[in-house]
There are 2 protein chains.
Amino acid sequence: MPADQLTATFAALADPTRRAILARLIAGECSVTELAAPFDMSLPAVSKHLRVLERAGLIARRPDAQFRHCRLEAAPLKEVSEWAEKYRHVWEHRLNRLDAYLQELQTKERSHGRKPRRK
Amino acid sequence: MPADQLTATFAALADPTRRAILARLIAGECSVTELAAPFDMSLPAVSKHLRVLERAGLIARRPDAQFRHCRLEAAPLKEVSEWAEKYRHVWEHRLNRLDAYLQELQTKERSHGRKPRRK
C-alpha cells in the first residue's frame, strides 16, 4: 500500500473508465476480457487502467489457468468515505441555511398583506 | 461546473496540500496569506493549488479590498460521499466475513478438547 494511500486512491478514481470498472466489480469477480467488453477500448488500454487500480489497492487480480480474474478491494473506498464524512456538517449546514431561507420566504408569503418582518 | 464533476473533484483531491487547505477551511473563511502560512511553500505555489481547487468547485474566492478570502464549497464533497456510499456494502460484507471467521476461531478455542467440527 503506498505511503499516501488517499492520494493514490483519489488519483486512481479521477477517471470515468476506472470508476466504471469498479462499478462493474460491485456485482462480483470477473475476467479482464469481461471487464473490457463494454468499453470501446483495446485490451491493452483496459489493462493499463487495471494496473492503476491495482497499484492503488482498489482491485486485486487472481491469476488463473485461462483468465485473470479481478475483484474489488473496498478498503481504500472506506477511507474515502471516512475522509468525506468530515465535511458532512459543512454541506448539511449549507442545506439547512437554504431550508431556513425557503421557510422564511413561505412565511412571508402566507402573511402576505401584513407588513413583512425586517431582519 | 465541469462536465465530469467527479473526475475534476477526485483529481483536485489527489494532493495532500490541497486536502490540507480544504481541512483548514472547515473552520471558516480565510485569506490566501493565512492559508499559505502553515505550508513550506511560496505564495505562488499555494495560489496554484487554490486555482485547481477553485476550478473543481471545491472553494470559492471573494475579492476583498486587501485580501482574497477563500471559503469551502462542500457540494462536490457531498457527491464524493454519495459515490463512495455505493460501495459501503462491499467493505461491510468483507468486515462481516472477517468477524464471522474470528467468532468461529473463538468457538473452536472454547470447545478445545472436543473434536473440532470439520467444514
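In the range B:19-33, which residues are open to solvent by 20 Å² or more (accessible area, probe 1.4 Å) and either within 14 Å of chain A (Cβ to nearest Cβ) or aromatic (F, W, Y) (or both)?
B:R19, B:A20, B:A23, B:R24, B:I26, B:A27, B:G28, B:E29
Identify all residues within the range A:76-90 that are crowded, with 21+ Cβ neighbours inside 10 Å and in contact (Cβ under 8 Å) with a residue 24 or more places away in the chain; write none if there are none. Reasoning before the result, please.
Pass one, the range A:76-90, residues crowded, with 21+ Cβ neighbours inside 10 Å: A:76-77, A:80, A:84, A:87.
A:P76, A:L77, A:V80, listed by residue number.
For (1) closer than 23 Å to A:R94 by Cα; (2) outside any helix (DSSP H, G or I); (3) within 14 Å of chain A (Cβ to nearest Cβ); (4) over 18 Å from the mean Cα position of the chain (by Cα), each residue gets a yes or a no:
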| position | (1), (2), (3), (4) |
| --- | --- |
| B:T9 | yes, no, yes, no |
| B:T17 | no, no, yes, no |
| B:L35 | yes, no, no, yes |
| B:M41 | no, yes, no, yes |
| B:A45 | no, no, no, yes |
| B:L50 | yes, no, no, no |
| B:L53 | yes, no, yes, no |
| B:A60 | yes, yes, yes, yes |
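Can you confirm whether the range A:72-93 contains a residue that is more than 10 Å from every other protein chain (Cβ to nearest Cβ), over 18 Å from the mean Cα position of the chain (by Cα) and not polar (S, T, N, Q)?
Residues of the range A:72-93 that are more than 10 Å from every other protein chain (Cβ to nearest Cβ), as a first pass: none.
No, that holds for no residue.
The values are calculated or read from the model by the stated rules, or taken from the named source; none is laboratory data. Note that the structure is predicted; figures quoted are calculated from it, not measured. When we count neighbours, we look across all protein chains shown, and the Cβ atoms used for this are built from the backbone with ideal geometry, even at glycine. Just the protein is used for accessible areas: all its heavy atoms, side chains included, with ligands, DNA and RNA removed. Shrake-Rupley method; radii C 1.70, N 1.55, O 1.52, S 1.80 Å.
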